[in-house]
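Written below as structure tokens is the structure these notes are about.
Nothing in this text is a laboratory measurement; each read-out follows from the coordinates by a stated rule. None of the values given here were measured: they were computed from a predicted structure. Every residue, glycine among them, receives a Cβ derived from its backbone with ideal geometry; neighbour counts consider all protein chains shown.
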Amino acid sequence: MRADIAEQYSLRGSMPTAAQLGIGEDEEDNLGIEGRYVDSVDYAYDDGSGQIEVVFGTDSALSDSDSSAQMNIAPVSNNPGNGWICEWEGDSTNVSWLPAGCRGD
């Protein structure tokens, strides 16, 4: 997914919309990526910037039994060539659990 976004950015000079990546525009649409601990992966685009949103299921150690945790992955300065930054949606999850390569610390 990150490679697709970076490629589209290099071709267009701006962050691609969901439609340019071949993804539906509806909030209920996601990339069809899920697993034992991941409920969904989606690409959100708003006003020239985009991010990958990973929602972890309640069975994951990253979530509690009542709610899911969401990790957002976005390009630094809205340019994938500058690298990627990861952060949790809200403040409920430990920053040290983010991937070391994008946690921005």
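Quick notes on this structure:
- Taking the Cα centre of the chain as reference, the dipole from Cβ charges on Lys and Arg (+1) and Asp and Glu (-1) amounts to some 640 debye.
- Per residue of the chain, the DSSP helices (runs of n ≥ 4 H) give a summed -39500 (n - 2.57) that works out to -3000 deg cm²/dmol at 222 nm.
- Of Q70, A19, Y9, farthest towards positive along the dipole that unit charges on Lys, Arg, Asp, Glu beta carbons give the chain: Y9
- Among A61, A44, A69, residue whose mean-square fluctuation peaks in a GNM of the chain (springs only between Cα atoms under 10 Å): A61
- Here the label points at S67 and I85, each 7 Å from Cα along the C-beta direction, are separated by 2.3 nm in the simple model.
- Top positive-direction residue, dipole computed over the chain with Cβ charges, set F56, P80, I33: P80
- Here the simple spin-label model places points 7 Å from the Cα toward Cβ, and for R2 and S49 these points are separated by 1.8 nm.
- The chain shape via C-alpha gyration tensor axes, a/c threshold 1.5: oblate
- Between 0 and 90°, nearest 10: helix 2-12 axis offset from the chain longest Cα axis: 20 degrees
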